[in-house]
Every structure is written in structure tokens, then in C-alpha cells.
1. How large, in Å, is the chain by the Kirkwood hydrodynamic radius built from its alpha-carbon pairs?
2. How far is helix 51-65 tilted off the main Cα axis of the chain, in degrees rounded to 10, range 0 to 90?
3. Working from Cα positions, state the angle (0 to 90°, nearest 10) between the long axis of helix 134-153 and the longest principal axis of the chain.
4. Quick one: among 177, 92, 13, which has the greatest mean-square fluctuation in a GNM of the chain with alpha-carbon springs under 10 angstrom?
5. Angle check, please: helix 17-28 long axis (alpha carbons) against the longest principal axis of the chain (alpha carbons), in degrees 0 to 90, nearest 10.
6. Mind telling me which of 158, 68, 181 comes out most flexible in a GNM of the chain, alpha-carbon contacts under 10 Å?
7. So if I take the alpha carbon set of the range 111-236, get Rg, then get Rh from the Kirkwood formula, what is the Rg over Rh ratio?
8. Please give the Cα centre distance for the range 138-179 versus the range 68-134, rounded to the nearest Å.
């Protein structure tokens, strides 16, 4: 397991789901973890869609530790489709999913330690969609593009990468039948599948990787699907 003894790790949306797993894994590896979430937690409760909350959170991290070694922009935006999504819903999703990642990186820029890493959590929906997912898909596409832009701007100072999870069951449910078999990997993902890559990208072993997006989806986005092929059917 990668070790992060004494490192300062910041995680947004760290009180539940994938973010909670990421926090736990960094803590087990010896890091000081600073999280922000709308859910109650031991470090900072706040809405990253609000500028003032981000500034107060960043101020607390810097006051307490003086530096940041790893920033994980994980908090998910809401998913609303074009039929029901309002202006406020859509801009709110972009604030949580893209603007917060940009602004936190900017706030921490003077405080990133040598060898620091930013890891953005995108989604396989940055390249594929279901109907009525516009706010979420747009935000995830935005953070994937923000990743390579920041990697170019911060070259030589901070490495910036993103991860695009596919179907990740945060309750570690073991699926049988079509839900599992449809995945080329033969199963649905779980949070540790993402946390494993986060810890790797944050480590010195990934020192030559920046500006990259890594899709962790059990191979689903590489699977070509045709009606009638291997039991697939489109019911009209």
C-alpha cells in the first residue's frame, strides 16, 4: 500500500460514497485528511457550490497545516435532465462539479507542497450519456476538460489528473446476472476500485503522469453493442 505519512490530503464530498472510501484509505496510509461535505463530519461542513464556504474551508486547512499535498475534487453534482432542470439547477451543478474544483485549486495554489497532486473525479458520462442527465454529464465533461487545462497551466508545479468511474456501487452490493455479466470485467465496481487509482496518482510512482483521464468502468465504454448481438435487445 502507498504510504502518505504526514501528508495533507484535501477531499471534497468526503463524508459518503466514493469520497468516504478515499478519506479512509488516505488515513490508513498515514495522511492528515481534511474534508468538506454538506453532511456532518469531523472537519468542515459546508456547500462547495458556495464561494464563501470554499474560502472558509481553504482558510481552515491552511491555518491548521500550512500546506496541501493532495487535493481530490470528488463531490458530485446533482443530476437533472432537460425536461425538469431549471437554470438554477444547471448552474448549481456546474458550481459543484466544475467551478469548485477550479476555485479550490486556485485557493491552494500558493500552498501546494513540492510534488503535489490534484485528482479530479469525473465520470464515464463525460463521454457517454443516458436521457435526462444533462446537468451531471455537462459538469463531468467540464471537470475532465478542466483537468488538462490545469495540468498545462501548473506544469512543473502540480500534477493534475482525472478519473472517470463507471458504475460504482457505494454499498458494495455483489450483483449477479445481467448487471454483472454485461460488464466486461464481470462485476459492478465498488469505491475501492476508484480509491486505489486515487492513491496511485497521488504517489511518487505516478510522477510522470499529468493531464490524463483514466476511465475505470469495468470496460463498459469499450463494449460495442448491437441489437441482437450476444443477447442484447432494444425494445421499442
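Read-outs: derived from the displayed coordinates by stated rules, not from any lab. Because the structure is a prediction, the values reported are computed rather than measured.
1. 18.3 Å
2. 60 degrees
3. 50 degrees
4. Top of the fluctuation ranking is 177.
5. 40 degrees
6. Taking springs between Cα atoms under 10 Å, the residue moving most is 181.
7. Using Cα coordinates only, the ratio equals 1.04.
8. Cα centroid to Cα centroid, the span is 9 Å.
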